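The values are calculated or read from the model by the stated rules, or taken from the named source; none is laboratory data. Fair warning: this is a prediction, and the values are worked out from it, not measured in the lab. Reconstructed Cβ throughout: ideal geometry from the backbone, glycine too, with neighbour counts over all protein chains shown.
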Amino acid sequence: MLEPQIAPGTAFMLGTGAPTANRNTSMAIKATIFKTNYQITDMDRHYYQDHSLTLARHPSETDERMMLRLLAFAHHASDTLTFTRGLSSSDEPDLWQKDLTGTIERWIELGQPEEKRIRKACGRAQQVIIYCYSGNSARIWWEQTGARLANIKNLTVLNIPPENSKALAQLAQRNMQLQATIQDGNIWITDNEASVEVTPETWLHT
């Protein structure tokens, strides 16, 4: 079983819970720990693996956002993809993948980051992937920002329809048994009682 680790003794900071959440404020509060046994079947990439995951949920993070982190993990799963300190750090994404030298191969972030942050991430990582998920708010952000990002060669922007992300939130439990199946760009997340189909919209792929 492969297990991305959270940083031992990580302090998580109280944030806003907004689509682009506050990643570094002054009050430290303990995270809530969630555990997931995750069976991933990715027929698009021919990746078939079970992962035992531990997620530390930031006090301001919703079930919807946490489940989107799990969705992103399934979509890009590898034995070197890990969850970071996330919202408690202004210098890290939500997930990243590094090689043995510490080079950031993949930087994955949720929400609506500022253009400056996106450009900085693209300078640090070989590939940057942003998952938007807040409906009209995300569309307005992209209308205002997208044209200025179109020339970045290592950036992908995906949008998760709000009906998909809200359905995913209903699967959240402290201990989860999940299966992810990926085929033709569609993602199915299933537990013992329900299945949610997610069809990411590609807003930018370079």
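Quick rundown of the values:
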| quantity | calculated |
| --- | --- |
| Residues located in the stretch 106-141, provided they are surrounded by 16 or more Cβ atoms within 10 Å (Cβ to Cβ), over 16 Å from ARG65 (Cα atoms) and of a type in the set (Val, Ile, Thr) | ILE118, VAL128 |
| Matching option when the condition is modelled with pLDDT under 95 and surrounded by 15 or more Cβ atoms within 10 Å (Cβ to Cβ), among ILE40, ILE6 | ILE6 |
| Test: ALA167 is under 17 Å from the mean Cα position of the chain (by Cα), within 20 Å of PHE83 (Cα to Cα) and not in a strand (DSSP E or B) | no |
| Some residue of the stretch 55-73 being more than 19 Å from PRO161 (Cα to Cα) and of a type in the set (Val, Ile, Thr) | no |
| Among residues of the stretch 134-164, those that are under 26 Å from THR54 (Cα atoms), in contact with an Asp or Glu (Cβ under 8 Å, 6 or more places away or on another chain) and not in a loop (DSSP other than H, G, I, E, B), counted | 3 |
| Qualifying residue in the stretch 56-68 (condition: of a type in the set (Ser, Thr, Tyr), more than 18 Å from LEU158 (Cβ to Cβ), modelled with pLDDT under 95 and outside any loop (DSSP other than H, G, I, E, B)) | no |
| Verdict on LEU155 being buried (at least 17 other Cβ atoms within 10 Å of the Cβ), among the hydrophobic types (A, V, I, L, M, F, W, C) and closer than 24 Å to ASN136 by Cα | yes |
| Options GLN126, GLN177, GLN144: the member that is among the polar types (S, T, N, Q) and touching a residue at least 60 places away in the same chain (Cβ under 8 Å) | GLN177 |
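Listed here are the residues, each with its yes/no results for (1) within 18 Å of ASP63 (Cβ to Cβ); (2) modelled with pLDDT under 95; (3) of a type outside the set (Val, Ile, Thr); (4) touching a strand residue (DSSP E or B) at 6+ places or on another chain (Cβ under 6 Å).
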residue	(1), (2), (3), (4)
ILE140	no, no, no, no
LEU155	no, no, yes, yes
LEU158	no, no, yes, yes
SER165	yes, no, yes, no
LEU168	yes, no, yes, yes
ALA172	yes, no, yes, no
ASN175	yes, no, yes, yes
